[in-house]
1. Just to be sure, is E150 assigned to a helix (DSSP H, G or I), closer than 30 Å to E90 by Cα and open to solvent by 80 Å² or more (accessible area, probe 1.4 Å)?
2. Within region 102-119, restricting attention to residues that are surrounded by 10 or more Cβ atoms within 10 Å (Cβ to Cβ) and among the aliphatic types (A, V, I, L, M), which residue is modelled with the highest pLDDT?
3. Right, E171: under 25 Å from N92 (Cα atoms), surrounded by 10 or more Cβ atoms within 10 Å (Cβ to Cβ) and without any contact (Cβ under 8 Å) to a residue 24 or more places away in the chain or not?
Amino acid sequence: MEEAEAVPSTSGQSSEQPGAADAPGRLLIFNTLVDKFLEGLVEAGSYQRFARCYKKFYKLQPELTRGIYDQFVAQLHSSIKAEIQEIKEEGNLEALLDSLDKMEKDAANAADIQWRPSGVPEEDLRAHLVPYLLQQREYLRKLVKEREQENAKLAQSVLAGRRKVEEMQQEIQRRQQAWQKLSQSQREMILSIQKIEKV
């Protein structure tokens with residue numbers, strides 16, 4: 001399809017699978033899934049559908065409609081890619097997927113060491129969940145600390161803005177009072193001149 005061909009790939013890696021002996025890594029699988037998702041998204045929002053939604057505009061300006069569509073698709077593509085990249089960076093996803101691949105290879109090489117349940121499901125579940133939950137708690141604490149720092153900076157900028165607004169209001173009041181005094185002086189001067197002229 002024309003629209004799908006115009007859209008760049010979401011990852012720098014080839015979607016071809018490595019040698020027959022090697023299974024594809026989790027990161028490669030993830031990137032391939034993202035590519036497929038974006039291709040499906042572009043196909044679902046094809047140019048024909050876009051043109052049907054804006055039929056009158058398309059009849060008047062078909063070239064401009066095409067340009068708007070291409071720009072929309074490119075913008076959507078880049079924003080989704082940026083969002084996914086941000087999620088990957090925040091969750092340290094690439095390192096985690098690589099470490100999972102390494103753990104899988106290590107487990108395959110050490111076939112003699114196998115986990116056996118203790119016979120108490122609660123203890124087994126706790127042994128598996130506690131490290132993960134501790135790691136998540138640490139990550140959330142770090143996230144909260146970062147957000148608190150950002151909020152503190154924003155609060156300072158808001159207070160600075162309020163102070164500036166108050167200073168401007170005071171300056172406006174000072175100028176208004178000065179203007180009123182000047183107007184009063186002018187009126188008094190005009191009245192005194194009129195009195196002198198009458199005399």
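The values are calculated or read from the model by the stated rules, or taken from the named source; none is laboratory data. Everything numeric in this text was worked out from a predicted model, so none of it was measured. Note that we place each Cβ from the backbone using ideal geometry, even for glycine, and neighbour counts take in every protein chain shown. Ligands, DNA and RNA are excluded from the accessible area calculation, which covers all protein heavy atoms including side chains. Shrake-Rupley method; radii C 1.70, N 1.55, O 1.52, S 1.80 Å.
1. The answer is yes for E150.
2. Once the filter is applied, the top-ranked residue is M103.
3. No, not satisfied.
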